[in-house]
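**Q** Pasting in a structure now, in structure tokens, and then I'll have a few things to ask.
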């Protein structure tokens, strides 16, 4: 029998416990994401998959915000986040801290997500861009590489919150192993 | 250099080509999903990952709908879909057609997504439920099993469009192999 688990049976940690818990060696950058619904949803994904820090860059909306809360459902209280107006200087800083920075983009020489290899002990940063234009080419140029999600349909991309979910999930799985 | 690919360089198929293209042995059922934004996003995911059919069940909204279009971005034209008021009789029908039906839920004896094994030649159906209550227990009881996405944070679930993205992605990868 597949009896559904009650929330209290899931044994989730409190927001305070989360602050002190061991996170993945992974930070996430959203650049010029327009939809607050998407921002909130990424907060929730970063909570679920133990992302170390979420950077909200450019004109990406920030908490406190009613629209973000609708989809974040409290994850703005647990996930460590920061606003950074200038993503380029942030990427240079992260690289100076020896992080490997990937833009999630459809690009020449991109690594397909299913072939991604993650080195334990290495820190990673993932950059997700605007809903329409993706990650700017000059931001891509600053990154160490691109990760592309294989797709087979008529559209040219997935929703950004879904893309973030799929890519962060793959990092979560690899780090957990 | 990771030069971003232009849309025309992605070689995506047209909506007509999509209708005739080989799909995954996978159908997706949304039951009582309230948010039209989520419905549209799942349409887009079903397009990207070549889902055979999307069933919109119970009070889940259906096209044509302006709110669904905002996130589906045309995928309502490519993805085959149908409204089914009664998900229980639909599940029984799918099972009579030898499909294996999984609810995506946190439940006793659920299979963790990373451990999922997919048999080629077998057809699968995935059921995703309401944003707050998930899949009803009596619907879960009709399914062959549950799939659970491992999570580590404070929240009790992911956004439903993100959950659908992650689980459908795993089926897409396994079928493509």
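**Q** Rounded, prolate or oblate: pick one for the stretch B:110-177, where a ≥ b ≥ c are the square roots of the eigenvalues of its C-alpha gyration tensor, a/c under 1.5 means rounded, and failing that, prolate if a/b is larger than b/c, else oblate.
**A** Oblate shape, in that a/c is at least 1.5 and b/c is the bigger or equal ratio.
**Q** Follow-up question, since we're still on this one. Per-residue Cβ counts within 10 Å, from other chains only, averaged over B:137-149: what number is that? Before the final figure, lay out the partial values.
**A** Details: counts 4, 0, 0, 4, 4, 0, 1, 1, 1, 4, 0, 3, 5.
Neighbouring Cβ atoms belonging to other protein chains average 2 per residue here.
**Q** Run the paramagnetic zone check for residue B:174: 7 angstrom along Cα to Cβ, then residues of the stretch B:127-150 with backbone nitrogen under 17 Å.
**A** Correct set: B:127-128, B:143-150.
**Q** Given a cut-off of under 8 Å on Cα pairs at least six residues apart, what relative contact order in percent is computed for the stretch B:1-86? If you can, show how the numbers build up before the last one.
**A** On the way: 133 pairs, mean separation 28.5, N = 86.
Relative contact order here is 33 percent.
**Q** I want to check the label-to-label distance for residue A:34 and residue A:59. Put each point 7 Å from Cα in the C-beta direction and report it in nm to one decimal.
**A** Result: 0.9 nm between the two label points.
**Q** Taking a ≥ b ≥ c as the square roots of the eigenvalues of the Cα gyration tensor of the stretch B:89-134, is the shape rounded (a/c under 1.5), prolate (a/b larger than b/c) or oblate?
**A** oblate
**Q** Other chains near A:105-118: what is the mean number of their Cβ atoms within 10 Å of each residue's Cβ?
**A** On the way: counts 4, 7, 6, 6, 3, 4, 1, 0, 2, 5, 0, 0, 0, 0.
Per residue, the number of nearby Cβ atoms from other chains is 3 on average.
**Q** Using only the alpha-carbon atoms, what does chain A span along each of its principal axes? Please give whole angstrom values in decreasing order.
**A** 46, 38, 36
**Q** Where does each of A:92-101, B:100-109, B:158-167 land if you order them by average Cβ count within 10 Å, highest first?
**A** Details: A:92-101: 14.2, B:100-109: 20.9, B:158-167: 27.3.
Ranking the peptides A:92-101, B:100-109, B:158-167 by packing returns B:158-167, B:100-109, A:92-101.
**Q** Still on this model: Would you mind getting me the FRET efficiency between residue A:21 and residue A:1? Use the beta-carbon distance for r and R0 = 30 Å, nearest 0.05. Kindly include the intermediate steps, with their values, before the conclusion.
**A** On the way: r = 32 Å, r/R0 = 1.06.
Computed FRET efficiency for residue A:21 and residue A:1: 0.40.
**Q** Taking each residue in B:2-15, count the Cβ atoms of any other chain within 10 Å of its Cβ, then average. What number comes out? Provide the component values of the computation, followed by the final result.
**A** Values: counts 18, 9, 15, 9, 2, 4, 1, 4, 6, 0, 7, 3, 1, 3.
If you average over the peptide's residues, the count of other-chain Cβ atoms is 6.
**Q** For residue A:8 and residue B:8, what is the calculated FRET efficiency with R₀ set at 45 Å and r taken between the beta-carbons, to the nearest 0.05? Intermediate results must be reported in sequence, preceding the final value.
**A** Numbers: r = 52 Å, r/R0 = 1.16.
Computed FRET efficiency for residue A:8 and residue B:8 comes out at 0.30.
**Q** Give the nm distances, rounded to one decimal, from residue B:132 to the matching residue in every other copy, measuring between label points 7 Å along Cα toward the beta carbon; shortest first.
**A** With the label placed 7 Å along Cα→Cβ, residue B:132 yields 3.5 nm.
**Q** What number, in percent, do you get for the relative contact order of chain A if the mean sequence gap of Cα pairs under 8 Å and at least 6 apart is divided by its residue count? Intermediate results must be reported in sequence, preceding the final value.
**A** Working: 296 pairs, mean separation 43.9, N = 177.
Relative contact order of chain A: 25 percent.
**Q** Measuring label to label, 7 Å along Cα→Cβ, what does residue A:98 give against each other copy in nm, shortest first?
**A** Counterpart label points of residue A:98 in the remaining copies fall at 5.6 nm.
**Q** Could I ask something else about it? Please determine, in degrees from 0 to 90 and to the nearest 10, the orientation of helix A:36-48 with respect to the longest principal axis defined by the Cα atoms of chain A, where the helix direction is its Cα long axis.
**A** 70
**Q** Here's another thing I want to ask about it. At 7 angstrom along the Cα-to-beta-carbon line, where would the label on residue A:116 sit relative to the other copies? Give the distances in nm, shortest first.
**A** Here the equivalent label points are 1.7 nm apart from this one.
**Q** Further question: Just the Kirkwood number for the protein assembly as shown, please: inverse of mean 1/r across all distinct Cα pairs, in Å, one decimal. Don't skip to the answer; put the middle values down first.
**A** Values: mean 1/r = 0.0489 Å⁻¹.
Answer for the protein assembly as shown: a Kirkwood hydrodynamic radius of 20.4 Å.
Only the coordinates and a few stated rules stand behind these numbers; no lab work does. Bear in mind that the values here come from a model prediction, so they are computed numbers and not experimental data. Every residue, glycine among them, receives a Cβ derived from its backbone with ideal geometry; neighbour counts consider all protein chains shown.
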